[in-house]
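Colleague: This is the structure I have questions about; it appears just below.
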Amino acid sequence: MTRKIGDIIKKLEEIVGQEWVITEREYMESYLRDETPDVLRPSAAEDLILVKPSSTKEVSQILKAANQMRVPVFPVGGRTGLVGGCVPTDPGVILSLERMNRIEVDKENLMAIAEAGATLADLIKAADEADLFFPLHPGDEGAQIGGLVSTNAGGVRAVKYGVMRNYVKGVEAVLPTGEILNLGGLLIKNNTGYDLMHLIIGSEGTLCVITKVIIKLYPKSGYSVTLVLPFDSRTDAIRTVPKILQSGVTPLAIEYVGIKELNKAAEHLSEEWPIQTANAQLIIILSGSSEDEVYSDCEKISEIAEENNAGEAVIAETREEQERILRIRSNIYTALKPNMVDILDITVPMSRLGDLMNEIDRIAEKYGAYLPVYGHAGDGNLHIHVMKVDGEVPGYVEEIENEIYSISLRLGGVITGEHGVGKIRIGKLRKALTEKEISLMKGIKRIFDPNNILNPGKVLPSD
Ligand SMILES: Cc1cc2nc3c(=O)[nH]c(=O)nc-3n(C[C@H](O)[C@H](O)[C@H](O)COP(=O)(O)OP(=O)(O)OC[C@H]3O[C@@H](n4cnc5c(N)ncnc54)[C@H](O)[C@@H]3O)c2cc1C
């Protein structure tokens with residue numbers, strides 16, 4: 001252990017108490033990785049200390065000490081990220097806020113005040129107990145509020161109310177110098193100066209440590225229905241998506257899925273997918289205040305689907321049936337994971353989704369590769385997987401990914417719409433951003449973190 005790291009242990013023990021400072025490697029194993037596929041996940045450094053504060057004051061003292069001693073700090077949440085963002089890649093301190101997991105619901109203002117270490121599952125439960133609803137559902141309920149905000153997570157139910165950024169109304173955060181910021185509040189409107197809160201949202205643990213978040217909640221929708229629409233032709237399925245939204249119906253979710261991947265996920269769960277006849281399918285979640293409202297939306301969608309050559313829809317009404325459909329959809333990732341090299345989260349304008357898919361087909365054919373594609377069609381956001389061949393990583397991965405990134409940018413899209421840059425996408429940033437944009441970002445990083453102690457080596461390329 002280096003002297004610098006040895007020196008900070010004593011200081012950390014003074015701040016949080018000895019039992020919350022972990023130095024033995026075997027007790028911190030699960031904090032050394034996230035959910036990035038094995039092949040690409042960065043390795044954790046050797047000299048690491050795990051610390052678990054219980055308050056914002058303790059977080060502030062930890063950062064102040066680390067900044068004075070120039071020791072890197074790596075904030076971790078639920079470690080469900082897919083780009084190596086929280087992996088502690090230099091000797092230093094792993095900062096877990098898991099003990100800071102209280103949630104209060106302010107019913108009058110329809111907001112939750114959640115500490116950053118509370119999980120998505122905790123938030124869903126707290127909202128439900130207050131007879132309110134947190135609609136967004138980024139796949140893994142073990143993700144923490146701090147992680148969800150730091151990555152500006154999206155997920156299946158972003159069509160109607162937007163992504164994490166659209167829910168965050170206030171943030172308490174600690175700067176690397178130990179100073180505490182209180183931004184926003186129980187407010188719908190706030191135009192006071194530059195919007196530091198929105199700069200922090202999506203900053204992937206590189207600007208400050210988020211300790212508390214005020215999150216917008218919604219009234220529980222009285223009624224909800226999940227529709228599965230089968231199409232023989234993918235083009236017809238994709239063409240239907242903007243037509244649904246143009247009709248004035250805004251579902252919670254519009255997902256595109258292929259039968260091959262759905263069957264893999266169903267098999268993984270020992271379940272069966274309800275429609276076997278169609279290659280391309282749309283899963284649509286509708287919610288509304290009454291049965292009549294939802295059924296009228298359902299009818300509108302069925303008419304549009306029929307005009308676009310859909311087969312007979314399956315309509316899931318009970319909570320169990322709807323949860324089963326979402327569970328199978330959510331497990332496509334898990335079913336593919338053992339053979340996955342990478343999961344891309346390309347986002348293009350919705351009108352270009354069909355073009356993106358045609359290009360993916362072309363690339364798959366060119367390289368003889370299996371590139372499963374599915375995802376959040378209502379957001380123009382697709383997950384494209386690069387897979388192993390016979391258990392081995394094929395030599396074309398880098399080439400294929402570069403082609404996909406170039407196509408997305410050409411179609412007016414981005415290289416990541418959900419997972420962020422983290423560690424593994426840094427090398428691609430210069431494809432997507434100008435030098436001016438990168439230099440502005442570096443300037444911002446220097447202002448927030450002059451000694452580069454917070455999550456160093458993440459998001460921004462070195463000079
Ligand atoms: C099965 C599965 C499905 C998923 N589905 C989706 C999806 O649909 N949509 C989507 O957007 N993502 C999805 N993800 C990715 C992941 O769940 C999200 O990125 C999530 O927001 C990460 O939260 P976390 O708490 O696990 O963060 P971590 O992985 O622990 O960290 C992510 C980043 O946030 C930073 N961070 C964490 N906590 C703090 C804090 N308190 N202060 C400052 N920085 C912090 C870390 O330093 C790191 O840079 C999925 C992942 C899995 C495994």
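Colleague: Can you tell me how region 197-261 classifies by the Cα gyration tensor, rounded, prolate or oblate, using a/c under 1.5 as the rounded cut?
Modeller: Note, shape of region 197-261 comes out prolate.
Colleague: Would you calculate, for the chain, the mean residue ellipticity at 222 nm contributed by helices, counting each DSSP H stretch of 4 or more residues as -39,500 (n - 2.57) and dividing by all residues, to the nearest 500?
Modeller: -10000 deg cm²/dmol
Colleague: Further question: Can you tell me the relative contact order of region 245-296? Whole percent, Cα pairs under 8 Å, sequence separation 6 or more.
Modeller: Normalised by residue count, the contact order of region 245-296 is 46 percent.
Colleague: Another question, if that's okay. Over the chain, what relative contact order in percent results from Cα pairs under 8 Å that are six or more residues apart?
Modeller: So the answer I get is 16 percent.
Colleague: How far is the Cα center of region 4-44 from the Cα center of region 71-90, in Å?
Modeller: 10
Colleague: Which order do Asp122, Asp131, Asp47 take when ranked by solvent-accessible area (1.4 Å probe, heavy atoms of all protein chains), largest first?
Modeller: Asp131, Asp122, Asp47
Colleague: I'd like the trypsin sites (Lys or Arg not before Pro) in region 160-235 restricted to DSSP loop residues with at most 10 other Cβ atoms within 10 Å, sorted by number.
Modeller: Lys189
Colleague: Please calculate how many Å² of accessible area the chain carries per residue, with a 1.4 Å probe and no DNA, RNA or ligand atoms counted.
Modeller: Solvent-accessible surface per residue comes out at 43 Å².
Colleague: Can you give the FRET efficiency for Gln68 and Arg3, using 1/(1 + (r/R0)^6), R0 = 22 Å, r = Cβ-Cβ distance, to the nearest 0.05?
Modeller: So, using R0 = 22 Å, E works out to roughly 0.90.
Colleague: Express the C-alpha Rg of region 320-393 as a ratio against the empirical globular expectation 2.2 N^0.38 Å, rounded to two decimals.
Modeller: Here the Cα radius of gyration is 1.20 times the empirical estimate.
Colleague: For region 333-454, what does the convex hull of the Cα positions come to per residue, in cubic angstrom?
Modeller: Given the Cα convex hull of region 333-454, per-residue volume reads 133 Å³.
Colleague: Tell me, what is the FRET efficiency for Glu303 and Lys260 to the nearest 0.05, using R0 = 45 angstrom and their Cβ-Cβ distance as r?
Modeller: 0.95
Colleague: Could you run the Debye sum over the Cα atoms of the chain, one equal point scatterer each and no solvent, and tell me log10 of I(q)/I(0) at q = 0.06, 0.12, 0.13 Å⁻¹, two decimals?
Modeller: For the chain at q = 0.06, 0.12, 0.13 Å⁻¹, log10 I(q)/I(0) is -0.27, -1.08, -1.25.
Colleague: Which entries in Lys366/Lys428; Lys160/Lys445; Lys189/Lys212 show an alpha-carbon gap greater than 28 Å?
Modeller: Exceeds cut-off: Lys160/Lys445.
Colleague: Once phi is turned into θ = phi - 60°, what whole-Hz ³J(HN,Hα) does the Karplus curve with 6.51, -1.76 and 1.60 give for every residue of region 35-51, x standing for Gly and Pro?
Modeller: Karplus values, whole Hz, x for Gly and Pro: 8, 4, x, 3, 4, 9, 5, x, 8, 6, 6, 7, 7, 9, 10, 9, 10.
Colleague: Given H placed on each backbone N at 1.01 Å, which residues far from Asp342 in sequence or on other chains put an amide H within less than 5 Å of it?
Modeller: Distant-sequence amide H within range of Asp342: Val386.
Colleague: Each residue of region 157-167 in order: what ³J(HN,Hα) in whole Hz does its phi give by Karplus 6.51 cos²θ - 1.76 cosθ + 1.60, θ = phi - 60°, with x for Gly and Pro?
Modeller: 10, 9, 5, 7, 10, x, 9, 3, 3, 6, 9
Colleague: Could you grab the relative contact order for region 1-67? Cα pairs under 8 Å, six or more apart, rounded to a whole percent.
Modeller: Once normalised by length, the contact order is 43 percent.
Colleague: Work from the charge dipole of the chain (Cβ charges, +1 for Lys and Arg, -1 for Asp and Glu, about the Cα centre) and give the residue of Tyr161, Asn182, Thr235 farthest towards its positive end.
Modeller: Asn182
Colleague: Given labels modelled 7 Å from the Cα in the Cβ direction, how far is it in nm from Glu104 to Lys442?
Modeller: 4.3
Colleague: Also, quick follow-up: Leaving out same-chain residues fewer than 8 places away, which aspartates and glutamates sit with a Cα under 12 Å from that of Lys57?
Modeller: Partners within reach: Glu172, Glu179.
Colleague: Another one. Are there any trypsin sites (Lys or Arg not before Pro) in region 81-147 that are in a DSSP loop and have at most 16 other Cβ atoms within 10 Å? List them by number.
Modeller: Arg99, Arg102, Lys107
Colleague: Of the chain, which part is the longest with no GluC sites (Glu not before Pro) in a loop (DSSP not H, G, I, E, B) and with at most 16 other C-beta atoms within 10 angstrom?
Modeller: Within the chain, the longest run free of exposed GluC sites (Glu not before Pro) spans 318-463.
Colleague: Lys and Arg at +1, Asp and Glu at -1: add these up for the other residues within a Cβ distance under 15 Å of Asp195 and post the number.
Modeller: +3
Colleague: Sticking with this one: Report the extension gain between Ser462 and Glu13 in nm, rounded to one decimal, defined as 0.36 nm multiplied by the number of residues separating them, less their alpha carbon distance.
Modeller: Taking Ser462 through Glu13 to full extension adds about 158.3 nm, to one decimal.
Colleague: Provide, in order from the shortest bin, the percent of all Cα-Cα pairs of region 25-116 in each 5 Å bin, continuing until the bin that contains the maximum pair distance.
Modeller: For region 25-116, the binned pair fractions read 3, 13, 20, 20, 18, 12, 8, 4, 2, 0 percent.
Colleague: Once you mark the chymotrypsin sites (Phe, Trp or Tyr not before Pro) that are in a DSSP loop and have at most 16 other Cβ atoms within 10 Å, what is the longest gap between them in the chain?
Modeller: 195-369
Colleague: Answer rounded, prolate or oblate for region 94-212, using the Cα gyration tensor with square roots of eigenvalues a ≥ b ≥ c: rounded when a/c is under 1.5, else prolate when a/b is larger than b/c, else oblate.
Modeller: The shape class here is rounded.
Colleague: Separate question: May I ask you to list the aspartates and glutamates whose Cα is less than 13 Å away from that of Lys264, ignoring any residue fewer than eight positions away on the same chain?
Modeller: Of all the aspartates and glutamates, those that pass the test against Lys264 - Cα under 13 Å, at least 8 places apart if same chain - are Glu272.
Colleague: What is the magnitude of the charge dipole of the chain about its Cα centre, with +1 placed on the Cβ of each Lys and Arg, -1 on the Cβ of each Asp and Glu, and no other charges, expressed in debye to the nearest 20?
Modeller: 1800
Colleague: Sorted by mean Cβ packing within 10 Å, highest first, what order do the peptides 73-79, 341-347 take?
Modeller: Packing proxy ranking, top to bottom: 73-79, 341-347.
Colleague: Please give me, ordered by residue number, the trypsin sites (Lys or Arg not before Pro) of region 1-60 that lie in loop per DSSP and have at most 16 other Cβ atoms within 10 Å.
Modeller: Filter output for region 1-60: empty list.
The values are calculated or read from the model by the stated rules, or taken from the named source; none is laboratory data. All values reported here derive from a predicted model rather than from experimental measurement. Ideal geometry is used to build each Cβ from the backbone, glycine not excepted, and the neighbour counts take in all protein chains shown. The accessibility values were calculated without ligands, DNA or RNA, using every heavy atom of the protein model including side chains. Shrake-Rupley method; radii C 1.70, N 1.55, O 1.52, S 1.80 Å.
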